[in-house]
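Okay, so here's the structure we're looking at.
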Amino acid sequence: ITDIEVVSDTEIRVTVPQTAQPGLVVLKTPKGDITTKTELTFTEPIALEAFAPAEVKPGSELTITGEYLNLIKEVIFADEVTVPADEFVSQSRQEIKVIVPDSAQTGKFILSDGAEIPNWIYSEGELEVTLPSVEAPLDLVDKKPGDVIRVSGENFDLVKKVQMPNGDEVEFTMTASSEGDELTFTLPDNVSDGEVTVLPASDVKVVVATVVVATPSNVVAVPAVNLRGGDMITLKGTNMDLVTDVTFPGVEEAVGLESQNSTEIKVLMPAAAISGDLQLNTNSGKATAVSIATAKPENISYSAATVPAGEALTVKGVNMDVVSAVVFSGNVEVTVSDATATAISLTVPTTAET
């Protein structure tokens, strides 16, 4: 340095060059060099002044400008995605070039000096990280498992997963053209109502479609009344190929199908079923209700109005074969084992009351 300001015979002033390093300062004099007894140290205020572009696609280059950026050891993108200095494209005192990682998210990024207690400098504005996008989510109504879905949009090359409303992932293909990108996937057997989302490496969900799954409809049961255990019930309607099994009223365990096609199913009536709504179950979790009525004893009459305890009693009527027990006053129950369609015979218990 030759630009020296002499203040007095005991003081001079100079401007420290930007490239100067910490250490001892040497004064050059006609009588020889004079070396300072203390080292010169610097306060280097790291500054982040700007970055470009404001919106960047993962895998593309981001340029960061500022001061003392040569001291930066890592760039931290949202959310805690770190790029160390040895992976920078380039680094100088006033500029860093770095590739935005696939897993980076939109948000402020951080410059870190990597110290044990690091100095973190946040970007003033948010870096917008490009996501897959659609103009508007598809409205998929009355869809069935196996339906092939095609979604058009942009930046689908970033898509790593296609996720169904229940969170399950499905395989997909992506094609790109001058008109845009297209994703193709097939609705799985257990597809349910809700949003279909795509996820890039950052796992930020982007809704690309909403699904309403088809259900069995316009269902008619034949027969629907006077049903007995073991009867074969035919259920006709639309979308009957979606039915997985049938739950009868009064029976906890679902009953499997005897036969099935797109318009008809057949199922055996369990002996424990009662009157009410049977449910046609589907893999989507939806169910369609169909009303049925079981056969009941009717037009009941007795072989005698007065019967001695311990004597035989015949009870006549219609549908008597569905009777499993007779309960007398006094809460005395008699099991029926040999009923016919028109009559049951039993012995009146000695403890029965009028």
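Taking the stated definitions as given, is ASP203 assigned to a loop (DSSP other than H, G, I, E, B) and either on the phi < 0 side of the Ramachandran plot or within 29 Å of the chain's Cα centre (by Cα) (or both)? Before you say what the answer is, go through the steps one by one.
Working: assigned to a loop (DSSP other than H, G, I, E, B): yes; either on the phi < 0 side of the Ramachandran plot or within 29 Å of the chain's Cα centre (by Cα) (or both): yes.
For ASP203, the condition - assigned to a loop (DSSP other than H, G, I, E, B) and either on the phi < 0 side of the Ramachandran plot or within 29 Å of the chain's Cα centre (by Cα) (or both) - is met.
Filter region 173-200 down to the residues that are of a type in the set (S, T, N, Q), part of a strand (DSSP E or B), surrounded by 13 or more Cβ atoms within 10 Å (Cβ to Cβ) and modelled with pLDDT under 95 and list them by number.
Answer for region 173-200, where residues must be of a type in the set (S, T, N, Q), part of a strand (DSSP E or B), surrounded by 13 or more Cβ atoms within 10 Å (Cβ to Cβ) and modelled with pLDDT under 95: there is none.
Select, from PRO165, PRO101, the only residue that is part of a loop (DSSP other than H, G, I, E, B), closer than 25 Å to PRO53 by Cβ, modelled with pLDDT of 95 or more and not acidic (Asp, Glu).
Going through PRO165, PRO101 in turn, the sole match is PRO101.
So which residues in region 80-110 are farther than 16 Å from GLU124 by Cα and among the basic types (Lys, Arg)?
ARG93, LYS97
Limited to region 47-79, what total is found for residues that are farther than 18 Å from GLU126 by Cβ, open to solvent by 30 Å² or more (accessible area, probe 1.4 Å) and outside any strand (DSSP E or B)?
5
Anything in region 204-254 that is open to solvent by 30 Å² or more (accessible area, probe 1.4 Å) and within 30 Å of PRO58 (Cα to Cα)? List them, or say none.
Answer for region 204-254, where residues must be open to solvent by 30 Å² or more (accessible area, probe 1.4 Å) and within 30 Å of PRO58 (Cα to Cα): VAL204, LYS205, VAL207, THR210.
Residues in region 6-14: is at least one open to solvent by 70 Å² or more (accessible area, probe 1.4 Å), at pLDDT below 95, within 22 Å of ILE121 (Cα to Cα) and among the polar types (S, T, N, Q)?
Step one: list which residues in region 6-14 are open to solvent by 70 Å² or more (accessible area, probe 1.4 Å), which gives 6, 9-14.
Imposing the further condition that a residue be at pLDDT below 95 reduces the set to 6, 9-14.
Now narrow it down to the ones that are within 22 Å of ILE121 (Cα to Cα): none.
Scanning region 6-14 turns up no residue that is open to solvent by 70 Å² or more (accessible area, probe 1.4 Å), at pLDDT below 95, within 22 Å of ILE121 (Cα to Cα) and among the polar types (S, T, N, Q).
Give me the strands (runs of 3 or more DSSP E) completely within region 289-337, filtered to those with at least 3 residues that are surrounded by 14 or more Cβ atoms within 10 Å (Cβ to Cβ), ordered by residue number.
Strands (runs of 3 or more DSSP E) meeting the threshold: 312-318.
Report yes if LYS160 is at pLDDT 95 or above, over 26 Å from the mean Cα position of the chain (by Cα) and open to solvent by 20 Å² or more (accessible area, probe 1.4 Å), otherwise no.
Taking the combined requirement at face value, the residue does not satisfy it.
Considering GLY167, GLY194, GLY146, which residue is out of contact with any Gly (no Cβ under 6 Å at 6 or more places or on another chain), at positive phi and free of Cβ contacts under 8 Å to residues at least 12 places away in the same chain?
Exactly one of GLY167, GLY194, GLY146 is out of contact with any Gly (no Cβ under 6 Å at 6 or more places or on another chain), at positive phi and free of Cβ contacts under 8 Å to residues at least 12 places away in the same chain, namely GLY167.
Kindly indicate whether GLN105 is open to solvent by 30 Å² or more (accessible area, probe 1.4 Å) and touching a helix residue (DSSP H, G or I) at 6+ places or on another chain (Cβ under 8 Å).
no
State all residues of region 138-153 that are touching a Phe, Trp or Tyr at 6+ places or on another chain (Cβ under 9 Å) and either at pLDDT below 95 or surrounded by 14 or more Cβ atoms within 10 Å (Cβ to Cβ) (or both); if no residue qualifies, say none. It would help to see each step written out before you state the result.
Taking region 138-153 first, the residues touching a Phe, Trp or Tyr at 6+ places or on another chain (Cβ under 9 Å) are 148-151.
Of everything in region 138-153, those that are touching a Phe, Trp or Tyr at 6+ places or on another chain (Cβ under 9 Å) and either at pLDDT below 95 or surrounded by 14 or more Cβ atoms within 10 Å (Cβ to Cβ) (or both) turn out to be ILE149, VAL151.
Give the residues of region 255-264 that are surrounded by 13 or more Cβ atoms within 10 Å (Cβ to Cβ), farther than 18 Å from THR215 by Cα and out of contact with any Pro (no Cβ under 8 Å at 6 or more places or on another chain), sorted by residue number.
Hits for region 255-264: nothing passes.
I need the full set of residues from region 108-137 which are open to solvent by less than 60 Å² (accessible area, probe 1.4 Å) and either acidic (Asp, Glu) or in contact (Cβ under 8 Å) with a residue 60 or more places away in the chain (or both), in order please.
Residues satisfying the conditions are LEU111, ASP113, ILE121, SER123, GLY125, LEU127, VAL129, THR130, LEU131, PRO132, SER133, VAL134.
Pick from ALA343, ALA352: which is surrounded by 14 or more Cβ atoms within 10 Å (Cβ to Cβ), farther than 26 Å from GLY229 by Cβ and among the hydrophobic types (A, V, I, L, M, F, W, C)?
From the options ALA343, ALA352, the qualifying one is ALA352.
Which members of region 265-286 meet the condition of being open to solvent by less than 30 Å² (accessible area, probe 1.4 Å) and over 21 Å from ARG228 (Cα atoms)?
Matches in region 265-286: THR282, SER284.
Filter region 91-102 down to residues that are under 11 Å from GLU67 (Cα atoms) and not acidic (Asp, Glu) and give me whichever is most open to solvent (accessible area, probe 1.4 Å).
GLN94
The values are calculated or read from the model by the stated rules, or taken from the named source; none is laboratory data. Keep in mind the model is a prediction, meaning the values are calculated, not measured. Reconstructed Cβ throughout: ideal geometry from the backbone, glycine too, with neighbour counts over all protein chains shown. Note: areas computed on protein heavy atoms with side chains; ligands, DNA, RNA excluded. Shrake-Rupley method; radii C 1.70, N 1.55, O 1.52, S 1.80 Å.
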